[in-house]
Amino acid sequence: MDAGSQADLTATDWQRLSALFDELADLPTGEREAQLAALQPPELVARLRRMLASLPDDDATVLVGPTGFNTQLAHALNNATEHTSRPAEPGDRLGAWCLAELLGEGGMGQVWRAERADGLYQGEAAIKLLRDDLAGPGLAARFARERALLGRLTHPGIARLLDAGEQDGRAFLVLEYVAGRTLSEHVREMGLGLVERVKLLIEVARAVEHAHAQLIVHRDLKPSNVMVEDVRPSLAGTRAVPRGDAAALGSGPAGGYAGQTKLLDFGIAGLLDDSGQQADSQLTQISGRRLTPAYAAPEQIAGGPIGVATDIYSLGVMLYELASGRLPFGQRGASRTAMEHAVLHGEALRITRTVGLGETHTAGTDAGPGRPADVTRAAGDLEAVAAKALRKDPAERYASVAGFIDDLQCWLAQRPVSVRAEDWRHRTHLWFRRNAALALGGSLVLAALSVGLGVSLWQRDEAQAAARQSEEVTRYLTELLASANPDKHGGHIPTIFEVLEKSRVNLQQRFAGDDLTYIRVLDVLVVTYSDMNRHDIAIPLAKELIAVNARHWGDDAEPTLIARLRLARIYTALGSPLEVIALCEPMLPAFAAARPGTLLEDEYESMLYQLIVSYAGVARIDDALATHAKAWPLVQKIYKPSDYEYVYYNNYMYQLRLAEGKLLEAEQTIASTRPSWATAPAHRARFVQRQRMHLWTMQARLGRPEGSVENAHALIKDIDALMGPGNSSSQRMRGDLARHFVELGQYAEAVQVYAEQERGLPAEAAEHPTLRLPRESAALLARALAQPERAAEWLPKARRVADELASSPDISGPPRVEASLAVARVGLRLGDLALARGALAPLLDLQAQPWLQPHAQLRSRIAQLQGELARANGRRDAGVAELRQRVQLLDSLQQPQGLPHWRAQLDLAASLIGTPEAAAALQRADALRPDWLQSHPLDTLRAELGRGQWRPQWGGQL
């Protein structure tokens, strides 16, 4: 079409003609004429016929780029009409591939699923087959260019080109086969929340970034050109984000896996010159303007230059659609002309303002992604990111895909995005430009504008406050990073911990009077110190975060409640269930009644998880079961049985079964998660290791072959390989192994493991008492049992631990009881009865610790030590009564407790020697001895009892 004829057209006519030309240019002559006959008005059809007449004949050959495949393609096209070519069918052989199933059909031809047929290996591929019945010059050129472009792209997020060739007049490309669903289908069917959707889009953007680095612009980015591989499905909703590391009691991720994206269809991609613009104008002429109006940038529709900004715009459309369920411009299913007009002249609503409008749906593959349940999370920063990418002027968009990705990652990390203030200014400018005429109206209009001005000023103040916060946080982070300069540390490169500690000193003074910025910094520091296992620092920071939120927002405001939940997660990780219960129980009504889409509603499920584990930890079994009854329906609603998070819920049930004393059910529950380990996503690997730890603990306790020492060391090695030396998980596993050795009476081996644990501890000095004191007391007990002759060395350390326990308010519940029992056993073993009495005394006051009353397992151990203390003091009747209570408490559990049960019964039988009850007690001890136990130091005692060579020494020890 010449310039003169184009100049006679209006913009709307030109848009329609251009779109129709693109649609008809690739059709065979017969189909093209049929389409033309149905068009109106006649003037438009006449112009369109003149434009189409300039195209070469169908059998013309167009060569693009280097020879090779292009020459083969030209040969195939030239010879396609020389013989009768039947349509492709399943079973047809193309090179080493055999066509298996037709996947789709479009303007360039057909796409088949194919299988490797030459026997070298088994594999599947997608074969794009250029249809010889439609093989016009434009298609041939695009087909050849797609092969050339894909050959330059090697990225895990882009479907790879595996082969290309020509056979029997058919040109074909062999592409990586992606089994899965389109991006829209995946997020809609999986019910993904906003966080997981943004993570998927970042994967797509990284693939686009790679293409741009190879000087290739895609030009047709849209959800249907993105496949999500059919691997482990993800969870739904924003619960995809792990909620803290509650490793000590088995709390796990409420997060999920969103799949691996693959970018497809570079058939109309263009090459870029050094300036980032499309270099060869002939490419546009050859490729045509085949575009999808809903996702096409304004410059594409208007026929302007195409560059990286074009793909950035399309990514912005995808972000908007994933976040809102709607297109930013036009209605899904609208005509091409209407859609192009909307893109050129419309303005997008803010994402959160689409909530009340309903979603637009059409049937089939264009049904859209659906609106995420937590769409309100897009308010503010994410809306600003989408608005920046959707600017009409390419120069006003992100300068590169990297900038777009950076802002999305900032949003995920809850850090300031780069465009928030800019977005406010841009929207304010547009508002005044659209409404400038109103300023000339009468007094009523002036009054309305005054109200609008007041709102705008308020928005400006809000935006400026947000900008100030961002600037302050940025300045703080800049200074923080600058402080890591080795020159400021005498040439020493400081650790992250050292840098953070230096900045923490004046934190409160620095942000005095700026609560909002202080809250943002505190929140980041609480998470960071928790992840570093420095709970001694994270706890006071978390308490400060609660106080500042309460001062600024109020005690019952959402930010304050979320801050309290963050502290509860720290206590869950520390194994301090009483603190978790004290924090979470008062908040339950607010979380349960939260409005959909709010943070409280999102976090309700996480709170229930923590309460199940915490109630189990203090033997409040009925409360744990009632909480399970609330949580399990949510799990079934949110996740599918194939989701990793659905299976991971068994970790919480494992803790509950363990608290009930149902060892076999606990083992079965955690073992049922084993099939999910191999298919769990990479970012859930540490939770898989936690499941392995739980299973080993149960198998060791039940004497299974899998609970071997060798398997324990292999597991520790795997955890260290995944998380690095000195991590809390492998240290916890070493502690479990050492305690197992103590149960087996292999005290020297336990001492060796505790020594390994201490050598692997982080270099930073003071750990929180809740972690340190139980570990130190358990290690001291192993050493006292293994080497009682070194009492002068062990007793002062035991007394120090006892004093610290008495003065450490943050250690409570089961961890405090465990540490006190270990100190008491050290005192008994080494003859310091005063130390033993002092350690036991706080555990005997059930009025001060009412939670201990129903805890049969801990109370039985307390009774055991009371009996041993009475025996050491020569009080036979009191000792037998306590040892009898120990056995009765274990009997009250629903299943035998293995080694502890046998040891308790044997101790009671030995204490009853010389009484009529002794024989029956000894017989029952024999029945309780685990079949798997090969040998134990107490076997010597049993042999002496059988030979009548042993008598209880009241005033001594067994």
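No lab work stands behind these numbers, since they all come straight from the coordinates. Values in this document were obtained by computation on a predicted structure and should not be read as measured data. Cβ atoms come from the backbone with ideal geometry, glycine included; neighbour counts cover every protein chain shown.
Taking other C-beta atoms within 10 angstrom as a stand-in for reagent exposure, Arg829, Arg595 fall in the order Arg595, Arg829, fewest first.
Suppose R0 equals 60 Å; then what is the FRET efficiency for Glu105 and Leu933 from their Cβ-Cβ distance, rounded to the nearest 0.05? Result of the calculation: an efficiency of 0.30. The tail of the calculated P(r) for the stretch 684-753 beyond 19 Å holds 27 percent of all Cα-Cα pairs. For the peptides 738-744, 162-168, the ranking by packing is 738-744, 162-168, with the highest mean count of neighbouring Cβ atoms within 10 Å listed first. Pairs over the 26 Å Cα-Cα cut-off, from the set Lys630/Lys717; Lys388/Lys502; Lys128/Lys222; Lys262/Lys392: Lys630/Lys717; Lys388/Lys502; Lys262/Lys392. Sorting the segments 837-847, 906-916 by their mean number of nearby beta carbons within 10 angstrom, highest to lowest, gives 906-916, 837-847. Over the stretch 836-958, Cα pairs under 8 Å with separation of 6+ residues give a relative contact order of 25 percent. Ranked by the mean number of other Cβ atoms within 10 Å of their residues, highest first, the peptides 295-306, 861-872 fall in the order 861-872, 295-306.
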